[in-house]
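Heads up, the thing below is written out as structure tokens.
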Amino acid sequence: MTPSAWPRDQWIPHKPAVHARGGMVASQHILAAEAGTSMLRRGGNAVDAAVAAGLALAAVEPWMCGLGGSGFMVIWLAKEGRAVALDFQGVLPSALVPGDYPPDPALPPTLMGFPAVKGWKNTRGAAAATLPGGVAGLSHAAEGFGRLGFGAAVEPAIALAETGIAVSWYTALLIGHEYEIVSLDPVTRSIYLPGGRPLQPGEVLRIPGLADTLRRLRDHGAADFYKGRIAGSLVADLNAQGNRITLADLAAYRVEEFGATPTSHRGTTLYTAGEQSGGARLNDMLAHVARELPAPTPAPTPESWLIYADALEAAWANHRARNGTLTEIGAHTSSLSAADAEGNMVSLTWTILDHFGCGVTLPGTGILMNNGVSYFDPRPGLNTSMAGGKRINSSNMCPTVAVRDGKAIFAIGASGGDLIMPAVAQIAALMLDFDLTLEEALHSPRLDASHRGSITADPRLGAAVIDLLAGKYRLDIRPNDVAPKLYAFPSGVAREGDGLSGLSDPFHPDAGARGVE
């Protein structure tokens, strides 16, 4: 079948943007968006809303992010007229021994493209977990830039963890798809595979111990996670399963706060979390577009889509040359954005890396742990080689806030490994190059390119675009579907007129936005 003959999608959902004046949260799960807006109704700001929504995801989407995860946040502080970035990435145990992770040439590479190690020890099981920075990062944001405090932001998550949530068909699909990793750990298996089969739509997902852990965070703060009773439980459970994280490691963990990295495009400044995130690639992509498309047409043309493809390829080629990382494909991670009536905006992306992380739910706390060791190469002498105490120094997460004339105009982010930056960059480019609304940009057809030898193209791009792309690149023509997810899950908020709009990926059935009047 020739590219132009590829059939159009048979299922194309439309999810209208939500509009409100008083505040907005768009999240990968609608219950998390509701948790965020509850902070706005209590008088909180966008930071309070983002932190509450992020913590709620620990109860409703724990296979993507949670207390065992890490990430980035970008905050626009309207009154101060500045953008702040928080890096709360994972850190390897100080006592880690690289020799504990010998490469096994008989196994295929990991999703990161690094060699797998004997017994999949760098991706599965407790030894695959890094120190989680998520609790420190969200607490740092709430206490430093919020209005209500970290304890208040934890309360919606406690309620969700206590009652549990009804399993959606999408959640049931995901559990079934990840049956192998879910079945490895007895605690994880008991939660998601009761009676040996995946939770079914309509059944209740409840994680034993998680509500109690969240209550301790509310009452004692993040210090308990890194120096108190939660820390002791984490270390005991991890050490019992072969992880070398110590109490001293947890106590030494620090969030990195810095001025968000700016880049300019069409008179707008876009702020990202810098080179350790996907920000440098986004900057490179937009710079390429600005050079090759100095005067955009009123609407996207086949030639503009080719320029977008070229720009993404060039940005990823630069990244691979700088960093040496290979690939990470998958719709992992959680992303959300928030805005308030005062002009503050936040984009938060955090993750436990692969779906269900390392697969281990710690019995003392109900925390599903990350598999951040997979972010490091088991081979020595490389920028990404593993070493005790080393912080994750390369990520695909790309939370972004755009500011024009001193006002934040949109905040966007996405989940999906290598798929993240292409999605965020395209949405930003479409909004700035062609004046698309957030709703139009998130419903726009997509392409994905990351210098991997081929480009994935959405058939909704149309025959003219696909034929032009096929003249230069090897194409994989695939629809933007629920599974497999090939174009990332974006979420965003935008200032439109005198109000706000919010939307989360139209192709994600559980994602959504909530506003406050």
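Rule-based calculations on the coordinates, nothing more; no lab input. Please read all numbers here as calculations on a predicted model, not as lab measurements. For neighbour counting, all protein chains shown are included, and Cβ atoms are generated from backbone atoms with ideal geometry for every residue, glycine included.
Please turn the phi angles of segment 160-168 into ³J(HN,Hα) values with the Karplus equation 6.51 cos²θ - 1.76 cosθ + 1.60 (θ = phi - 60°), one per residue in order, whole Hz, x for glycine and proline.
Those phi angles translate into 5, 5, 5, 7, x, 10, 6, 6, 8 Hz.
For segment 40-118, which trypsin sites (Lys or Arg not before Pro) are both in a DSSP coil and crowded by at most 13 other Cβ atoms within 10 Å?
Numbers: sites: Arg41, Arg42, Lys79, Arg82, Lys118; in loops: Arg42, Lys79.
Qualifying residues, ordered by number: Lys79.
Under the classification rounded if a/c is under 1.5, otherwise prolate if a/b is larger than b/c and oblate if not, where does segment 434-517 fall, given a ≥ b ≥ c as square roots of the Cα gyration tensor eigenvalues? Numbers along the way, then the final one.
Working: a/c = 2.97, a/b = 1.93, b/c = 1.54.
Verdict is prolate for segment 434-517.
Working out 0.36 nm times the residue gap between Ala299 and Glu143, then minus their Cα-Cα distance, what length gain in nm do you get to one decimal? Walk me through the numbers before you get to the answer.
Numbers: separation 156, 0.36 × 156 = 56.16 nm, distance 4.34 nm.
Additional length available on full extension: 51.8 nm.
So between Asn239 and Glu517, what do we pick up on full extension, going 0.36 nm a residue minus the alpha carbon distance? Each step should come with its number before you reach the end.
On the way: separation 278, 0.36 × 278 = 100.08 nm, distance 4.87 nm.
Here the answer is 95.2 nm.
Assuming a ≥ b ≥ c are the square roots of the Cα gyration tensor eigenvalues, decide whether segment 310-435 counts as rounded (a/c under 1.5), prolate (otherwise, with a/b larger than b/c) or oblate. Write down the numbers at each step before the final one.
Numbers: a/c = 2.32, a/b = 1.36, b/c = 1.70.
Cα axes put segment 310-435 in the oblate bin.
Between Lys79 and Tyr179, what is the label-point separation in nm under the 7 Å Cα-to-beta-carbon projection?
The two pseudo-label positions are separated by 5.5 nm.
Would you mind counting up the charge near Val18? Only other residues with Cβ under 12 Å from its Cβ, with Lys and Arg at +1 and Asp and Glu at -1.
Details: positive: Lys15, Arg21, Arg514; negative: Glu34, Glu439, Glu496, Glu517.
Residues close to Val18 contribute a combined charge of -1.
I'd like the FRET efficiency for Arg197 and Asp498, computed as 1/(1 + (r/R0)^6) with the beta carbon distance as r and R0 of 45 Å, rounded to 0.05.
Details: r = 51 Å, r/R0 = 1.14.
Efficiency at R0 = 45 Å is approximately 0.30.
Quick check: from the Cα gyration tensor, does segment 109-237 come out rounded (a/c under 1.5), prolate or oblate? All intermediate terms of the calculation are to be shown ahead of the outcome.
Working: a/c = 1.99, a/b = 1.29, b/c = 1.54.
Oblate, since a/c reaches 1.5 and b/c is not below a/b.
What is segment 410-460's relative contact order, in percent, from Cα pairs under 8 angstrom and six or more apart in sequence?
Values: 38 pairs, mean separation 13.6, N = 51.
Normalised by residue count, the contact order of segment 410-460 is 27 percent.
Can you work out the FRET efficiency for the pair Arg42 and Asp104, with r the C-beta to C-beta distance and R0 = 41 Å, to the nearest 0.05?
The pair Arg42/Asp104 has a calculated efficiency of 0.20.
Can you list which of the trypsin sites (Lys or Arg not before Pro) found in segment 141-233 are DSSP loop residues with at most 14 other C-beta atoms within 10 Å?
none
Mean 1/r over all different Cα pairs, inverted: what Kirkwood radius does the chain give, in Å? Provide the component values of the computation, followed by the final result.
On the way: mean 1/r = 0.0444 Å⁻¹.
It is 22.5 Å.
Within the set of other residues whose C-beta is less than 12 Å from the C-beta of Tyr473, count the net charge using Lys and Arg as +1 and Asp and Glu as -1. Could the numbers behind the result be given before it?
On the way: positive: Arg452, Lys472, Arg474; negative: Asp310, Glu313, Asp448, Asp467, Asp476.
Taking every other residue near Tyr473 into account, the sum is -2.
Note down the net charge around Gly267, summing +1 for each Lys or Arg and -1 for each Asp or Glu among other residues with Cβ under 13 Å from its Cβ. Walk me through the numbers before you get to the answer.
Values: positive: Arg266, Arg404, Lys407; negative: Asp405, Asp433, Asp435.
Residues near Gly267 contribute 0 overall.
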